[in-house]
Amino acid sequence: MNAVEFCRDKAAPRGSSLHYALLFTEADKRAALLALHAFHAEVTEIVVECHDHQVAAAKLAWWREELARIFEGCGSHPISQALHAPVQRYRLDRHYFEQILEGTQMDLEYNLYPSFRELSLYCHRLGCSIASLSVQVCGYRDRRAFDFAHDLGTALQLTRFLRNVRRYAAAGRCYIPEAEIRNAGVEWSDLQRSTTSEPVRRLFTEQADRARRFYAQASQRLPPTERWSQRPGLVLGELYRSLLEVMTNDHFPLLERRYHLTPLHKLWLAWRTARAQPRARIPS
């Protein structure tokens, strides 16, 4: 298995949302995006896979050192090897990689966020950074593409928080602001139950509404000239937004089940979204 195949298996196995988001992308950019998302997955999964805090901290420290080696062109991990060429070719900003590491560090230090202000920093580091790196790979002429990346990255993170709320709660983690849980009349223990109460449904509805606003803002902030190049982000956003609508229409029984879109539905959404984007006209 070569480095690109390793990244594909890690970040975008067949049937995954990312798999469909990259279907309509040029081969060289697809390989770079796979490497970016594999890095993101490998780092962010540290907290999930390592139950011992010291072991998790040690693995994160190793990736901090490996990041330096990636930018020197001598990383040893398969993901690092897949990133060597994209880092140089697309002049990827090291700051965004460091932000992903910082976001994972937050997971080692916090299991609950007091308000959305603190949670938004976490979203910025983990969601917006990978979206911004993707913008760099896909190419842009208007820097407003990074405003799109900020809102899209936040929306994707908020949707993941909802979709995985049961799994996070079982692990003692919560990505819904503490103040909003309290204002909804919900106790932390309510999120660890096997059934979704009405107050919890209302809490989930509020979180979904916030994610929906970020999806709308992301689309509005992306200039028409950038929509063709940023198809991977637009497709991924549409897949997750559609998943959010499925959960909404079912009234959020998220403590009972985890939601998925079918592969055929994902393929149709991806094709439709990619096909709808206008090709940018290059000035003569």
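Laid out as a table, the results:
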read-out	value
Candidate set from the range 169-183 (those that are of a type in the set (A, V, I, L, M, F, W, C) and assigned to a loop (DSSP other than H, G, I, E, B)); member that is nearest to MET247 (Cα to Cα)	ILE176
Filtered residues of the range 141-174 (kept if under 13 Å from LEU119 (Cβ atoms) and modelled with pLDDT under 95)	TYR168, ARG173, CYS174
So LEU234, is it in contact with a Phe, Trp or Tyr (Cβ under 7 Å, 6 or more places away or on another chain), part of a helix (DSSP H, G or I) and touching a residue at least 24 places away in the same chain (Cβ under 8 Å)	no
Looking only at the range 24-35, and only at residues there that are among the aliphatic types (A, V, I, L, M) and at pLDDT 95 or above, the one that is surrounded by the most Cβ atoms within 10 Å (Cβ to Cβ)	ALA35
Residues within the range 72-95 that are in a helix (DSSP H, G or I), among the hydrophobic types (A, V, I, L, M, F, W, C) and over 14 Å from ALA35 (Cα atoms), tallied	0
Test: LEU191 is closer than 20 Å to HIS124 by Cβ and touching a residue at least 40 places away in the same chain (Cβ under 8 Å)	no
Check on ALA21, hydrophobic (A, V, I, L, M, F, W, C), surrounded by 14 or more Cβ atoms within 10 Å (Cβ to Cβ) and at negative phi	yes
Residues being part of a loop (DSSP other than H, G, I, E, B) and more than 18 Å from LYS266 (Cα to Cα) - total across the range 1-33	3
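For (1) of a type in the set (Asp, Glu); (2) in contact (Cβ under 8 Å) with a residue 12 or more places away in the chain; (3) over 19 Å from VAL165 (Cβ atoms), each residue gets a yes or a no:
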| position | (1), (2), (3) |
| --- | --- |
| ALA216 | no, no, yes |
| SER219 | no, yes, yes |
| LEU222 | no, yes, yes |
| THR225 | no, yes, yes |
| ASN249 | no, no, no |
| GLU256 | yes, yes, no |
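Rundown of residues vs (1) aromatic (Phe, Trp, Tyr); (2) exposed (fewer than 14 other Cβ atoms within 10 Å of the Cβ); (3) in a helix (DSSP H, G or I), yes/no style:
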position: PHE148; (1), (2), (3): yes, no, yes
position: GLN157; (1), (2), (3): no, no, yes
position: ARG167; (1), (2), (3): no, yes, yes
position: GLY185; (1), (2), (3): no, yes, no
position: SER189; (1), (2), (3): no, yes, yes
position: ARG212; (1), (2), (3): no, no, yes
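The values are calculated or read from the model by the stated rules, or taken from the named source; none is laboratory data. Keep in mind it's a predicted model, so treat the numbers as computed, not measured. Cβ coordinates were reconstructed from backbone atoms using ideal geometry, including for glycine residues, and neighbour counts include every protein chain displayed.
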